[in-house]
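Only one structure is covered here, and it is reproduced in the block below.
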Amino acid sequence: MRGTVGYRKMRHMRNMPVKQSTRSNGRPHPPAWPDPDVVTCPFDFHQALDFDPLLADLMARGPVTRVRLPYGDTGAWLVLSFDGVRRVTTDPRFSRAAIVGRDSPRLTPEPIVSPESVNVLDPSRSARLRRAAARAFTKKRVERMAPAVERVTHRLLDAMADHGPPADLARHLATPLPHHTICELLGVDPADRPVLLRRTHQMPATAPAARRAAADAKRYLREYFTGLVVERRRAPGDDLISAMAGAGDGAGGEGDEPLSDEELAVLAMTLVLSGNDTATCQIGNIVYSLLTRPGRWAAPADDPGRLPAVLDELLRLIPFRKGVGIPRVALEDVEVEGVRIRAGDFVHVSYLAANRCPAVFRDPHELDPDRPAHPHMTFGWGGHHCVAAPLALAELRVAVGALLARFPGLRLAVPAGEVEWDTATIRRFPPRLPVRW
Ligand code: HEM
């Protein structure tokens, strides 16, 4: 396991010029941390669900620091405090659109998002797409989706029960549930789902050699969804693509120009990518967390009403991905947490660090479902907050609730230290989770 000491050494590597921060009056700004060196951040820590010691180290340096990531031709600011992250994610002077066409600082060789994805549009342009997606994920619609999620979950758990112990929970539930759910909702033919899943998994890989496969996968998915959109235009159904097109159930996006075929295809592809990636990790991570903390599995089984609070606190605490996501670019000089960020600089935020910000969460590294309610940032914040959070929550509640009800004696089939963790991608999750009951 790589420890904090190794990272301490790394942080003294002077591998890029440090920008001198200045106050708005032009005079040098006092540094917000004692050592202004740029920190080299591989963000490849994968020890179970421990908090990355490098992130802990960065948090100890101060709320904003300068980092260098594995890919991209320049460094970035990294904002770690809850307040700082809230600021960057809601201030229109930090633009996602401005990263398009630039070799932005990132963790994967191939940028995961397409230039037209909602993730890299600024609110002025993304609002229309987000409204279309929001129409697909309203509370009412998600409630209507619940039977589909439950149907898929129970089908998968039937297969796990038939298989008998020991069984791999990742293969039986965590991987297929989010994929089949979003495919079911988008109306993807079951025969096409395996190849879509394989292609989706090629996207978040971090090794340089993975670039070509990721680019091919991106092209494949885009062509696939373009074809599906054309089909749905011709024959709308009771599926999300038809709903987002405003054609299926009369939810027609009044006041908004209808989405073009291309916009719809990229949105559908983004939903499949985002829907798989995170929800799969979180199902495995949550089950692992509950099974490895004494008494935790039994507690919500005895009192199912506690499940939402337990899940919410686990979502706050679990580091479900490595390091950072998609950056922004400062459109003008902006001061964040006392640090002057210059126009043109890249800025990353860490939702993982913000979720453990001691200014907001008491004993932030402790799992405490009874802590005073405060929103966390696991679904992001501001203009790019997860559009499908209601669906994600429904998936997690149904998956964990059904497991508790059907497998109350669930336990790991190997010692916790022998569970393997993903090393190939930006995600943190157990690709295999052997369980018995
Ligand atoms: C537990 C599961 C999930 C977690 C933890 C999660 C987390 C996140 C986070 C942190 C972001 C914001 C990233 C940013 O700042 O750019 C995001 C955005 C997004 N998520 Fe989720 N998500 C989950 C499930 C899903 C599912 C199931 C779907 C779709 C079916 C989905 C679709 C999206 C989309 C389309 C965006 C982009 C929104 C935008 O940039 O405007 N997510 N999600």
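The values are calculated or read from the model by the stated rules, or taken from the named source; none is laboratory data. Computed from a prediction, not measured in an experiment: that's the story for all the values here. Cβ sites come from the backbone with ideal geometry, for glycine too, and all protein chains shown count toward neighbours. Side chains are part of the model used for accessible areas, which takes the heavy atoms of the whole protein and leaves out ligands, DNA and RNA. Shrake-Rupley method; radii C 1.70, N 1.55, O 1.52, S 1.80 Å.
Things worth noting here:
- Within the range 64-91, if we keep just the residues that are touching an Asp or Glu at 6+ places or on another chain (Cβ under 7 Å) and assigned to a loop (DSSP other than H, G, I, E, B), the residue that is nearest to Val349 (Cα to Cα) turns out to be Ser81.
- Filter pass, Ala309 being free of Cβ contacts under 8 Å to residues at least 24 places away in the same chain, away from the ligand (no atom under 11 Å from the Cβ), assigned to a helix (DSSP H, G or I) and among the hydrophobic types (A, V, I, L, M, F, W, C): no
- Tally of residues being open to solvent by 20 Å² or more (accessible area, probe 1.4 Å), part of a loop (DSSP other than H, G, I, E, B) and closer than 15 Å to His385 by Cα across the range 101-126: 1
- Near pairs, Cβ below 7 angstrom, 6+ apart or cross-chain, from the range 52-68 (closer than 17 Å to Pro364 by Cα) to any residue that is open to solvent by less than 10 Å² (accessible area, probe 1.4 Å) and part of a strand (DSSP E or B): Leu58/Val39; Leu58/Thr65; Leu58/Leu78; Pro63/Val79
- Matching residues, the range 364-387, being within 16 Å of the ligand (Cβ to nearest atom) and open to solvent by 20 Å² or more (accessible area, probe 1.4 Å): Pro375, His376, Phe379, Trp381, Gly382, Gly383, His384, His385, Cys386, Val387
- All conditions but one from (1) under 16 Å from Leu267 (Cα atoms); (2) open to solvent by 20 Å² or more (accessible area, probe 1.4 Å); (3) free of Cβ contacts under 8 Å to residues at least 60 places away in the same chain apply to Arg130; the one that does not is (3).
- Candidates Val188, Val195, filtered to the one that is at pLDDT 85 or above, surrounded by fewer than 22 Cβ atoms within 10 Å (Cβ to Cβ) and in a loop (DSSP other than H, G, I, E, B): Val188
- Candidates His179, His172, filtered to the one that is within 16 Å of the ligand (Cβ to nearest atom), open to solvent by less than 30 Å² (accessible area, probe 1.4 Å) and part of a helix (DSSP H, G or I): His179
- Which numbered condition Gly401 fails, given (1) open to solvent by less than 50 Å² (accessible area, probe 1.4 Å); (2) of a type outside the set (A, V, I, L, M); (3) closer than 26 Å to Thr90 by Cβ; (4) in contact (Cβ under 8 Å) with a residue 60 or more places away in the chain: (3)
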